[in-house]
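Engineer: The following block contains the structure, expressed as structure tokens.
What follows is calculated from the coordinates using simple rules that are stated; it is not laboratory data. Treat the numbers as computed from the prediction; the structure is a model and nothing was measured. We place every Cβ from the backbone using ideal geometry, glycine too, and count neighbours over all the protein chains shown.
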Amino acid sequence: DVKQGNIMSFFKKV
Amino acid sequence: MLELRLVQGSLLKKVLEAIKDLVNDANFDCSATGFSLQAMDSSHVALVALLLRNEGFEHYRCDRNISMGMNLGNMNKMLKCAGNDDIITLKADDGSDTVTFMFESPNQDKIADFEMKLMDIDSEHLGIPEAEYHAIVRMPSAEFARICKDLSSIGDTVVISVTKEGVKFSTKGDIGTANIVCRQNTTVDKPEEATVIEMKEPVSLTFALRYMNSFAKATPLSHTVTISLSSELPVVVEYKIEDMGYVRFYLAPKIEE
């Protein structure tokens with residue numbers, strides 16, 4: 001199964 | 001007091017055309033060094049980062065850091081009223097809840113003021129770490145746009161694979177499959193027509209074509225596009241804006257569960 005990644009799981013809030 | 005005069009006003013028109021469908025509302029941040037924006041799309045799958053450095057403006061005055069929340073659709077409506085050869089000046093007074101776009105025709109015989117309401121936007125600023133990418137592909141932006149458009153008539157996702165053979169764009173859909181391979185090609189008349197592939201390690205990632213086609217709306221900003229790929233990192237699709245900065249799009253890959 002292929003799921004769309006979320007940008008916030010790669011880049012953290014500053 | 002903010003006053004930014006951009007002789008090549010068409011650049012700002014092109015920037016808005018490139019990002020307005022991806023992001024609805026965004027804060028434009030203005031500091032002594034430049035005019036920038038960072039915003040995610042509403043589903044938090046893609047992020048756009050814009051930088052227009054101060055030295056690219058004919059006149060650049062920004063007395064203190066300011067963040068101006070704008071609806072990009074409304075901003076685009078205003079900028080569409082500027083001619084392609086017009087000089088565009090952005091003006092805002094300290095504490096004002098409006099921004100003024102001034103359009104001057106090249107021979108100064110027509111001057112227009114458009115004042116737009118600013119808005120308060122709660123936006124999250126993300127830290128984008130420096131990364132070593134496994135592969136960096138530079139190719140003509142029109143070629144990349146063509147590939148994304150062609151593949152999206154076959155499938156919804158694109159697998160971008162870089163090997164020593166070149167960069168392969170693949171898709172599959174109900175009607176069949178498609179593979180487009182671009183090999184490194186530096187024997188061209190103009191440098192912007194070259195395809196240059198720097199590969200440290202082979203890499204293969206899957207992305208939604210819908211987003212790639214949205215990024216390709218930045219094609220008029222640059223003859224070339226740079227695609228930076230690493231496994232388990234968002235791809236970076238960068239359009240350099242000559243002498244001024246860039247528009248970078250980050251897109252989270254699709255992940256096998």
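Engineer: Which of the residue pairs B:Lys80/B:Lys110; B:Lys20/B:Lys217; B:Lys172/B:Lys200; B:Lys80/B:Lys217; A:Lys12/B:Lys200 have a Cα-Cα distance greater than 18 Å in the structure shown? Please report the intermediate quantities before stating the final value.
Structural biologist: Numbers: B:Lys80/B:Lys110 16 Å; B:Lys20/B:Lys217 10 Å; B:Lys172/B:Lys200 27 Å; B:Lys80/B:Lys217 16 Å; A:Lys12/B:Lys200 26 Å.
Violating the 18 Å Cα-Cα cut-off are B:Lys172/B:Lys200; A:Lys12/B:Lys200.
Engineer: Ranked by Cβ crowding within 10 angstrom, fewest neighbours first, how are B:His125, B:His44, B:His134 ordered?
Structural biologist: Working: B:His125 13, B:His44 16, B:His134 19.
If I rank by nearby Cβ atoms, fewest first, I get B:His125, B:His44, B:His134.
Engineer: Can I ask one more? Taking the dipole about the Cα centre of segment B:156-257, with the C-beta of Lys and Arg at +1 and of Asp and Glu at -1, give me whichever of B:Val236, B:Gly173, B:Thr226 is farthest to the positive side.
Structural biologist: Of B:Val236, B:Gly173, B:Thr226, it is B:Gly173.
Engineer: Related question: Could you compute the net charge surrounding B:Leu79? Neighbours are other residues with a C-beta less than 12 Å from the C-beta of B:Leu79; K and R count +1, D and E count -1. Show your work: numbers first, answer last.
Structural biologist: Working: positive: B:Lys13, B:Lys14, B:Lys20, B:Lys77, B:Lys80; negative: B:Glu17, B:Asp86.
After counting each charged neighbour, the total is +3.
Engineer: Using θ = phi - 60° and the Karplus form 6.51 cos²θ - 1.76 cosθ + 1.60, what ³J(HN,Hα) does each residue of segment B:239-248 get, whole Hz, x for Gly and Pro?
Structural biologist: 10, 6, 9, 3, 6, 10, x, 6, 10, 10
Engineer: Rounded if a/c is under 1.5, else prolate if a/b is larger than b/c, else oblate: which is segment B:123-257, with a ≥ b ≥ c the root eigenvalues of its Cα gyration tensor? Before the final figure, lay out the partial values.
Structural biologist: Details: a/c = 1.29, a/b = 1.07, b/c = 1.20.
Rounded, because the longest to shortest axis ratio a/c is under 1.5.
Engineer: Tally Lys and Arg at +1 and Asp and Glu at -1 over the other residues with C-beta under 10 Å from the C-beta of B:Val181: what net charge comes out?
Structural biologist: Numbers: positive: B:Lys168, B:Arg183; negative: B:Glu165.
That works out to +1.
Engineer: Would you work out if the protein assembly as shown is rounded, prolate or oblate? Take a ≥ b ≥ c from the square roots of the eigenvalues of the alpha-carbon gyration tensor; rounded if a/c is under 1.5, else prolate when a/b is larger than b/c, oblate otherwise.
Structural biologist: Note, shape of the protein assembly as shown comes out prolate.
Engineer: Continuing with the same structure: Measure nothing but the geometry: give the 0 to 90° angle between the long axis through the Cα atoms of B:10-19 and the longest principal axis through the Cα atoms of chain B, rounded to 10°.
Structural biologist: Compared with the principal axis, the helix lies near 50 degrees.
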